Amino acid sequence: MKTMSGAAKSNESDLVRFMLAGTSNMSAACITNPIDVIKIRLQLDNELRSTKVTSQSAGGAKLNTSDQRYYKGMIRGIVSIVRDEGIRGLYKGLPASLMREGSYSTIRLGAYEPMKRLMGATDPSHTPLWKKICAGAASGAIGSSIATPTDLVKVRMQACTSSSKPSANTATISSTNGTPVYTSTLGAFRSIYTEGGVTALYRGVGPTVLRATILTATQIPTYDHVKHTLLNWGWFKGEGLDLHVTASMIAGLASAATTSPVDVVKTRYMRQIHRSSVYSSSLDCILKSFSAEGFLGLYKGFIPNWMRIGPHTIVTFLIFEQLRHLVGMRPV
């Protein structure tokens with residue numbers, strides 16, 4: 001068995017792991033930003049409007065007036081954004097997204113293995129699932145609690161349609177779709193800070209941390225556990241692209257299923273400027289959304305959420321694993 005060189009051993013440091021985690025997530029964000037934009041738009045589309053509203057015509061017949069959505073699905077939504085805002089519309093919020101990945105995701109993915117070690121996990125192939133879940137939840141909560149301002153700016157900028165045909169929303173703040181218009185990422189940070197200081201930059205920190213905790217407790221442990229389970233069962237001969245893609249796809253689906261309701265609440269609560277303009281709290285947002293739109297309302301944007309998390313997960317772990325291999329670090 002070959003021994004690892006001194007240089008390779010030094011690259012097992014946590015600092016290198018954090019750098020590789022950030023690079024991997026930022027690369028994935030560049031690829032999935034268009035899907036993230038349409039996900040945000042769909043989550044806000046027809047907000048707080050019942051899907052079962054009917055009205056009486058002059059002759060007494062019931063007419064369905066419920067579907068007032070503008071984007072009407074992922075594909076047509078993308079077409080609408082390109083038509084109204086150009087290709088650049090699909091890349092709104094990219095600088096803020098990169099800042100978010102470079103902080104939040106660097107911490108949540110980079111701290112996952114150190115967290116496992118703290119829990120006494122020394123054998124990656126036979127670590128109990130509960131330790132992986134706890135490690136993921138802790139690293140996700142820490143990362144998101146620090147990086148909430150970047151997430152807030154990303155949501156605000158991606159939600160702004162800059163269009164004469166916005167989706168039907170209940171709030172109107174300073175633009176046609178209830179979302180403030182920012183000319184730049186730095187300008188967004190300044191404007192939000194002016195609204196209410198540091199507190200305004202951390203609006204929605206509750207659902208943001210909750211989403212990140214659920215996401216990281218699902219995504220990374222699922223990838224980790226599925227990969228080593230498949231290896232232990234002998235279904236794959238060893239580390240490789242086929243194994244990494246398989247484990248990533250399963251982790252992406254699991255993540256989308258567990259985080260979508262919290263993601264909807266996070267998006268809607270972060271979008272508003274004034275604290276009481278529509279929702280007074282995260283709980284108020286959940287109750288109002290559920291009351292007006294039903295359970296499925298909390299899964300608005302599920303397909304693009306899955307289409308984002310899936311590719312994002314695959315790209316992140318493929319790059320992460322390849323970079324680890326290049327610097328002589330052991331696989332996840």
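Observations on the structure shown:
- Contacts under 7 angstrom Cβ, first residue in segment 179-204 being touching a residue at least 24 places away in the same chain (Cβ under 8 Å), partner outside any helix (DSSP H, G or I) and loosely packed, with under 13 Cβ neighbours inside 10 Å, 6 or more apart: PRO180/SER174
- Tally, over segment 249-298, of residues that are without any contact (Cβ under 8 Å) to a residue 60 or more places away in the chain and under 21 Å from GLY73 (Cβ atoms): 8
- Hits in segment 82-120 (condition: over 30 Å from ARG17 (Cβ atoms) and surrounded by fewer than 23 Cβ atoms within 10 Å (Cβ to Cβ)): VAL82, ARG83, ASP84, GLU85, GLY86, ILE87, ARG88, GLY89, LEU90
- Considering only residues in segment 30-87 that are among the small types (Gly, Ala, Ser) and touching a strand residue (DSSP E or B) at 6+ places or on another chain (Cβ under 9 Å), the one that is modelled with the lowest pLDDT turns out to be SER57.
- Filter result for TYR279 (of a type outside the set (A, V, I, L, M), part of a loop (DSSP other than H, G, I, E, B) and crowded, with 17+ Cβ neighbours inside 10 Å): yes
- Taking the numbered list (1) over 28 Å from ALA159 (Cα atoms); (2) crowded, with 23+ Cβ neighbours inside 10 Å in turn, ALA212 passes all entries but (1).
- Among the candidates LEU129, LEU152, the residue that is crowded, with 19+ Cβ neighbours inside 10 Å, aliphatic (A, V, I, L, M) and touching a residue at least 24 places away in the same chain (Cβ under 8 Å) is uniquely LEU152.
- Which listed residue is closer than 30 Å to SER248 by Cα and either surrounded by fewer than 20 Cβ atoms within 10 Å (Cβ to Cβ) or out of contact with any helix residue (DSSP H, G or I) (no Cβ under 7 Å at 6 or more places or on another chain) (or both), from LEU186, LEU230: LEU230
- Scope segment 299-324; condition free of Cβ contacts under 8 Å to residues at least 60 places away in the same chain and not hydroxyl-bearing (Ser, Thr, Tyr); matching residues: PHE302, TRP306, GLN322
- Residue within segment 244-259 that is out of contact with any Lys or Arg (no Cβ under 9 Å at 6 or more places or on another chain) and either outside any helix (DSSP H, G or I) or farther than 19 Å from ALA217 by Cβ (or both) present: yes
- Only one of the numbered conditions (1) of a type outside the set (Ser, Thr, Tyr); (2) at positive phi; (3) not in a helix (DSSP H, G or I) is violated by GLY197, and that is (3).
- Of all residues making up segment 31-48, the number that are over 13 Å from the mean Cα position of the chain (by Cα), assigned to a helix (DSSP H, G or I) and surrounded by fewer than 23 Cβ atoms within 10 Å (Cβ to Cβ): 1
The values are calculated or read from the model by the stated rules, or taken from the named source; none is laboratory data. Every value quoted in this text rests on a predicted model; they were computed, and no experiment measured them. With ideal geometry, Cβ positions are generated from the backbone for all residues, glycine too; neighbour counts draw on all protein chains shown.
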